[in-house]
Amino acid sequence: LNDKLQLKLAPIQVKNLIYLNRLDEAQHILDQSMQQAAVEQDINVIMYNMNNQLVLNDYRGIDDISDISLSKELLTLTEKFDPSPDQIGVRQHNLAVMLNEHSYEAEAIEMIQWAIENFKISNNYEGLLSSYRVWSDVHAYLAQFGDAQLALEKAEPYLSQVQGARTLVNYWQAFGWVHYELGDLTAAQQSLDALNQLSIE
């Protein structure tokens, strides 16, 4: 392969190696690809690799605050070079999850609200359902279960529009947790039934 084609294909190779759990090999190729992309000033490859690095860190179980900085940098580049509402919404959603994991709850809520606005523009129902679930999670981690329930209620109009199994599982898990904590065992049972049906399907 010539260098330019290799540069374009390397991030895809890294992504596949991550999912094959060949993490050291993925990191080696990712580092080489980032160096070459910096020389070539290929912003698309740089952004793809930054996202790969975040995924790779997640697979390795690395829960480092440096991921927040990397995710913020990726969001800034996306806003500048790939400013579609859907892409920006995805970056904001992922950053909100990281902020919540590191106990920056106020920032996480603000970021997820921005993601919701972008997903509304792009009619991304899966993104909307997932974002309201993240919003609920932030409140739930703070034991604010009433507010968590309200966030889930805002997600309900999009529930029938979503087919992604992971998104639906995450929603129903959050739904069950929140309603169990609120003492609503009927709703908690509803979430178990939904999860059981998803597992059958």
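With every protein chain left in place, what is the accessible area of E101 in Å² (1.4 Å probe, nearest 10)?
Approximately 110 Å² of E101 is accessible to the 1.4 Å probe.
What percent do you get for the relative contact order of segment 123-199 when only Cα pairs under 8 Å and 6+ apart count?
Numbers: 85 pairs, mean separation 23.3, N = 77.
Once divided by the residue count of segment 123-199, the mean separation gives 30 percent.
Subtract the Cα-Cα distance of H28 and Q173 from 0.36 nm times their separation in residues, and report this length gain in nm to one decimal. Numbers along the way, then the final one.
Numbers: separation 145, 0.36 × 145 = 52.20 nm, distance 3.63 nm.
Once the chain is fully extended between H28 and Q173, it gains 48.6 nm.
When the helix-only estimate is applied to the chain (DSSP H runs of n ≥ 4, each -39,500 (n - 2.57), divided by the residue count), what is the mean residue ellipticity at 222 nm, nearest 500 deg cm²/dmol?
Details: 10 runs with 168 residues, N = 201.
Only helices count here, giving -28000 deg cm²/dmol.
Keeping every protein chain present and rolling a 1.4 Å probe, give me the accessible area per residue for segment 117-201 in Å².
55 Å²
Within a Cβ distance under 9 Å of N57, other residues only, what is the Lys/Arg minus Asp/Glu net charge? Each step should come with its number before you reach the end.
Numbers: positive: R60; negative: D58, D63, D64, D67.
Net charge in that neighbourhood comes out at -3.
On the full set of protein chains, 1.4 Å probe, figure out the accessible area of T186 and give it in Å² to the nearest 10.
110 Å²
Where the accessible area of the chain is counted over protein heavy atoms with a 1.4 Å probe, how much of it, in %, is carbon and sulfur? List each step's numbers first, then the result.
On the way: 5470 of 11100 Å².
In the chain, the share of accessible area belonging to carbon and sulfur is 49 percent.
By how many degrees, 0 to 90 and rounded to 10, does the Cα axis of helix 105-122 deviate from the longest principal axis of the chain?
Tilt relative to the chain: about 80 degrees.
The values are calculated or read from the model by the stated rules, or taken from the named source; none is laboratory data. The model shown is predicted, which means the values in this text are computed figures rather than measured ones. Note: ideal-geometry Cβ built from the backbone for every residue, glycine included; neighbour counts use all protein chains shown. To get the accessible areas, we keep the full protein, side chains included, count just its heavy atoms, and leave off ligands, DNA and RNA. Shrake-Rupley method; radii C 1.70, N 1.55, O 1.52, S 1.80 Å.
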